[in-house]
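For reference, the structure is listed below as structure tokens.
Read the figures in this text as sums done on the coordinates, not as results from a lab. Fair warning: this is a prediction, and the values are worked out from it, not measured in the lab. Cβ placement follows ideal geometry from the backbone for every residue including glycine, while neighbour counts extend to all protein chains displayed.
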Amino acid sequence: MAEKMLVTQALDERDLLVKKIGDKIAKASFTDVKKHNEEKVMEGRLSGEDFRKDAESAYQQIMDLIQRFQKIDAAIVASNAATMIHTSFGDYTVAGAISMRSRMRGSGSYDSQADFEQNLYSKMKNELDNRLITIEIKNKQLESTAESMRLSILGKDSKAKDDKPLEVVTAYVKENTTELVDPLDVQKKVKEIQERRAKLLAELDTQIKVSNATTFIEI
């Protein structure tokens, strides 16, 4: 008869089985040594027959637990592939949602390389920050040059001079001012990327938990 359980219960048991199987393997003994003229094995201090029974029992228990793990794991995988969850960004299978969440957290097969949203955010923001620094530096240098030009044209006592020649300097500054070229409005885009990423991850977390707590599988 099939055993029915919630996915959350299956996930908990699967985690427990990983530890249990590992402990069983670590504690089990399948071989030993003994002298021909002695009945007990050296390490286990059991008779050869008792040691055989213990080894067979340990092996069978481990194999039974592995089979249990495989059945639970297969049922979870099948359920995740068939069960749909809904977010404000679209509908996904649980398997797809888990994969997307792992990718966006940098814990998938490609590590942080596949966290495209975060990488795009970082690239755009760092580039914008560097461009703004460049603008500030270039325009400060321009202002310094312009000031030298003013002093050269008018001398230090500029108030006593005609201001008309300064129009040349004004035109020079206007022509050589460094400005940002930002066709995408990057400041707005990076904010949108971060907000969308945070919201999607939060929704994926919530919907996966809800699905696991309400979806039954059969073993």
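Between the stretch 6-29 and the stretch 67-91, the C-alpha centres lie 19 angstrom from each other. Basic side chains Lys and Arg get +1 at the Cβ, acidic Asp and Glu get -1 at the Cβ, and with that the dipole of the stretch 118-198 about its Cα centre reaches some 280 debye. Take the Cα of ASN126, step 7 Å toward its Cβ, do the same at ASP185, and the gap between the two points is 2.6 nm.
How long is the gain from SER102 to ASN176 if the chain were fully straight, where each residue apart is worth 0.36 nm and the alpha carbon distance is subtracted? Kindly include the intermediate steps, with their values, before the conclusion.
Details: separation 74, 0.36 × 74 = 26.64 nm, distance 4.80 nm.
Gain in length upon complete extension: 21.8 nm.
The lysines whose alpha-carbon is closer than 28 Å to the alpha-carbon of LYS4, local same-chain residues fewer than 8 away aside, are LYS19, LYS20, LYS24, LYS71, LYS209.
Mind pulling the angle between the C-alpha long axis of helix 116-154 and the longest principal axis of the chain? Nearest 10 degrees, somewhere in 0 to 90. It works out to around 20 degrees.
At R0 = 22 Å, how high is the FRET efficiency between MET1 and GLN61 if r is their beta carbon distance? Nearest 0.05 is fine. Here the calculated transfer efficiency is 0.50. Taking all Cα pairs closer than 8 Å and separated by 6 or more residues, the relative contact order of the chain comes to 30 percent. One decimal place: the segment ASN119-SER144 gains 5.3 nm when fully extended, by the rule 0.36 nm per residue minus the C-alpha distance. In a reduced charge model with +1 at each Lys and Arg Cβ and -1 at each Asp and Glu Cβ, the chain shows a dipole moment near 260 debye about its Cα centre. Since only ILE76, ILE66, PHE89 are under comparison, the one whose Cα sits farthest along the positive direction of the charge dipole of the stretch 66-118, derived from C-beta charges on Lys, Arg, Asp and Glu, is ILE66. Check the straight Cα-Cα distances from LYS140 and name the aspartates and glutamates below 18 Å, setting aside those fewer than 8 residues away within the same chain. Result set, ordered by chain and number: ASP129, GLU175, GLU179.
Legend: Rg and Dmax of the stretch 118-198, from Cα coordinates, 19.4, 62 Å.
Grab the Cα-Cα distance for LYS71 and LYS27, subtract it from 0.36 nm times how many residues apart they are, and report the gain in nm with one decimal.
Result for the pair: 13.4 nm of gain on full extension.
For the chain, excluding the exposed loop sites themselves (GluC sites (Glu not before Pro), DSSP loop, at most 12 other Cβ atoms within 10 Å), the longest remaining stretch covers 44-178. Among the trypsin sites (Lys or Arg not before Pro) in the stretch 1-103, those located in a DSSP loop and surrounded by at most 15 other Cβ atoms within 10 Å of their own Cβ are LYS35, ARG45. For LYS35, the lysines whose Cα comes closer than 23 Å to its Cα, not counting residues fewer than 8 places off in the same chain, are LYS53.
Among the chymotrypsin sites (Phe, Trp or Tyr not before Pro) in the stretch 62-92, those placed in a DSSP loop whose Cβ has at most 15 other Cβ atoms within 10 Å are PHE89.
With n ≥ 4 as the cut-off for DSSP H runs, can you work out [θ] at 222 nm for the chain, using -39500 (n - 2.57) per run divided by the number of residues, rounded to the nearest 500? Please list the in-between numbers first.
Values: 6 runs with 146 residues, N = 219.
Estimated from H runs of four or more residues: -23500 deg cm²/dmol.
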